[in-house]
């Protein structure tokens, strides 16, 4: 308090109604914003706390690494957990390279003409398509037309199509954040467009690009609708402890789907089971997000501007 | 220079992390494992899951992949040729049989009768009703039926909520089809305003939490949070409790056979799997899961 008083210059003028009003408004604004933050943060903690409280009794290493047994009432969630890993990994492998490269083209090479404006508009709109619509497209295009059948690859492609527009949008954002002067300086010393992109634009935007890509993991892991139609099953037993127990042509279980079936289909399932599954799913997503944040701050610390 | 390295490394790790999987899978994939796609009836899905789980110990090389969705989904998969075994809690309709036969070049899909399901009528435990007749059920469920309140049936609800909340099923469900045929009448429609749930368990869950509700689902979905009431063929006749015995001797009026359909082109393992299902160990699981086995496997002391 004393520090505060020292820094503040002595009031030159007495307090007027105008300054009092200013101060009051400032307080009101601050209060409103604080309440808004509380509105976001408190439910988040309540949700996470509730899930963990209800589900933690079941979670153990064994729970993560054994198949469901006893009519899915006992045992663990291994086949679902591994299924989610595979779906997320494969779909990211497809959507990340295509999405990032497409964004580089759209941001760096594409001229501002009507065609590219239409493409940009399509990307933005595609990002807003509900996942169940993607699911139907995946069923028609990959499962039936392309003859992949209900499989991990069909489900991953569906998920990839779903996440790609968002990756494109976030990558474009990251690329656009690199100041134009950087590129101009590079061109002025005779570099080609590709050299500029490779040596200046990408290194300076990689943290933003990666954040966009990694954040899509959480979306992919949580989706149920697209995989329900294209490759996720109610039950399937796989070899325990083998990370390659699934093949791309196999159907798989997935955490989100497992949560759905355990709550809507399995009678007399232990009360804690759905909560435990939800906690694992949440932990998976939070872990990925945490990695993204750490990665980003590390990359940002190396930025030279 | 450092930037390039970082970029390259990141890109590589990003791409390789997943692609490595693909390569490893292509070569070392367990070639000897045979997957059977088993899809269909929601009534049977828990049973199908229990079989799949147990069969893994009998024949570790066969991996049965179970999906639910409803008998309609199973039949559609049979017609589209996207399954090895279709589960259905109703017989194939003539039109469906023709479509499937056309799909397989004139060969018929093979029908296997694998057990029965007694359709139980569920109410809330606080509901004093103990039995109901098929006619009364029809009046509750069909379009234009005259029973809308529990007091119409002479029941006084302790909770005071007199309006009957009707739980039903979505229209591609085999349970829905059977109930319509056996209770509502094929020519009649369901009354508007019933809650059409997407799964058997959802019906039971709704009834468990709604004092004035009534619902129908397979007896396998019974829990201790709901009451199963006796069903009489006609008003005035004694109500019959659903059980293995009353289902098999046909005294319980709303029980139905469950089927598995195998396309003629299916892998031989599918037939072997079903042969195991209709044998002693498979049928024991039927009883354990709360369904009704084939006559030959009914326990002698069954009530």
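Out of A:101, A:46, A:87, one residue alone is assigned to a helix (DSSP H, G or I), out of contact with any strand residue (DSSP E or B) (no Cβ under 6 Å at 6 or more places or on another chain), surrounded by fewer than 15 Cβ atoms within 10 Å (Cβ to Cβ) and within 11 Å of chain B (Cβ to nearest Cβ). It is A:101.
Listed here are the residues, each with its yes/no results for (1) over 27 Å from the mean Cα position of the chain (by Cα); (2) modelled with pLDDT of 90 or more; (3) part of a helix (DSSP H, G or I).
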{"residue": "A:141", "(1), (2), (3)": "no, yes, yes"}
{"residue": "A:153", "(1), (2), (3)": "no, yes, yes"}
{"residue": "A:159", "(1), (2), (3)": "no, yes, yes"}
{"residue": "A:162", "(1), (2), (3)": "no, yes, yes"}
{"residue": "A:165", "(1), (2), (3)": "no, yes, yes"}
{"residue": "A:169", "(1), (2), (3)": "no, yes, yes"}
{"residue": "A:172", "(1), (2), (3)": "no, yes, yes"}
{"residue": "A:183", "(1), (2), (3)": "yes, yes, yes"}
{"residue": "A:191", "(1), (2), (3)": "yes, yes, no"}
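Checking A:221, A:278, A:272, A:292 one by one, the residue that is in contact with a helix residue (DSSP H, G or I) (Cβ under 6 Å, 6 or more places away or on another chain) and modelled with pLDDT under 85 is A:292 and no other. Among the residues of the range B:171-184, those identified as at pLDDT below 85 and either within 19 Å of residue A:267 (Cβ to Cβ) or in contact with a strand residue (DSSP E or B) (Cβ under 7 Å, 6 or more places away or on another chain) (or both) are B:173, B:174.
For the residues B:293, B:242, B:281, the requirement of being crowded, with 17+ Cβ neighbours inside 10 Å, over 16 Å from residue B:130 (Cα atoms) and at pLDDT 90 or above singles out B:293. For the range A:58-75, filtered to residues that are outside any loop (DSSP other than H, G, I, E, B) and more than 18 Å from residue B:64 (Cβ to Cβ), the residue that is nearest to the chain's Cα centre (by Cα) is A:64.
Taken together, the residues in the range B:128-168 that are in a loop (DSSP other than H, G, I, E, B) and more than 21 Å from residue B:180 (Cα to Cα) amount to 12. When residue B:131 is tested against (1) closer than 23 Å to residue B:69 by Cβ; (2) in contact with a strand residue (DSSP E or B) (Cβ under 7 Å, 6 or more places away or on another chain); (3) away from chain A (no Cβ under 14 Å), exactly one condition is not met: (1). Any residue that is in contact with a strand residue (DSSP E or B) (Cβ under 8 Å, 6 or more places away or on another chain), within 14 Å of another protein chain (Cβ to nearest Cβ) and surrounded by 22 or more Cβ atoms within 10 Å (Cβ to Cβ) - is there at least one of those in the range A:124-142? So far as the range A:124-142 goes, no, none of its residues is in contact with a strand residue (DSSP E or B) (Cβ under 8 Å, 6 or more places away or on another chain), within 14 Å of another protein chain (Cβ to nearest Cβ) and surrounded by 22 or more Cβ atoms within 10 Å (Cβ to Cβ).
Looking only at residues in the range A:236-263 that are facing another protein chain (nearest Cβ under 7 Å) and touching a strand residue (DSSP E or B) at 6+ places or on another chain (Cβ under 9 Å), the one that is surrounded by the most Cβ atoms within 10 Å (Cβ to Cβ) is A:236.
Could you list all residues from the range B:50-83 that are surrounded by 16 or more Cβ atoms within 10 Å (Cβ to Cβ) and away from chain A (no Cβ under 11 Å)? Of everything in the range B:50-83, those that are surrounded by 16 or more Cβ atoms within 10 Å (Cβ to Cβ) and away from chain A (no Cβ under 11 Å) turn out to be B:70, B:71, B:72, B:74, B:75, B:76, B:78, B:79.
Selection over the range A:143-165 of residues that are under 24 Å from residue A:124 (Cα atoms) and surrounded by fewer than 21 Cβ atoms within 10 Å (Cβ to Cβ) gives a count of 1.
Conditions tested, residue by residue: (1) farther than 19 Å from residue B:128 by Cα; (2) part of a loop (DSSP other than H, G, I, E, B); (3) more than 14 Å from chain A (Cβ to nearest Cβ).
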{"site": "B:188", "(1), (2), (3)": "yes, yes, yes"}
{"site": "B:202", "(1), (2), (3)": "yes, no, no"}
{"site": "B:214", "(1), (2), (3)": "no, no, yes"}
{"site": "B:234", "(1), (2), (3)": "yes, yes, yes"}
{"site": "B:242", "(1), (2), (3)": "no, yes, yes"}
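For the range A:213-227, filtered to residues that are surrounded by fewer than 24 Cβ atoms within 10 Å (Cβ to Cβ) and within 12 Å of chain B (Cβ to nearest Cβ), the residue that is farthest from residue A:161 (Cα to Cα) is A:214. From the list B:193, B:160, the one residue that fits, being out of contact with any strand residue (DSSP E or B) (no Cβ under 7 Å at 6 or more places or on another chain), without any contact (Cβ under 8 Å) to a residue 24 or more places away in the chain, more than 14 Å from chain A (Cβ to nearest Cβ) and more than 24 Å from residue B:242 (Cα to Cα), is B:160. Taking residue B:125, is it touching a strand residue (DSSP E or B) at 6+ places or on another chain (Cβ under 7 Å), in a loop (DSSP other than H, G, I, E, B) and more than 26 Å from residue B:298 (Cα to Cα)? Answer is yes for this residue.
The values are calculated or read from the model by the stated rules, or taken from the named source; none is laboratory data. It should be emphasised that the depicted structure is a prediction, and the values quoted were computed from it without experimental measurement. Note that each Cβ is placed from the backbone with ideal geometry, even for glycine, and that neighbours are counted across all protein chains shown.
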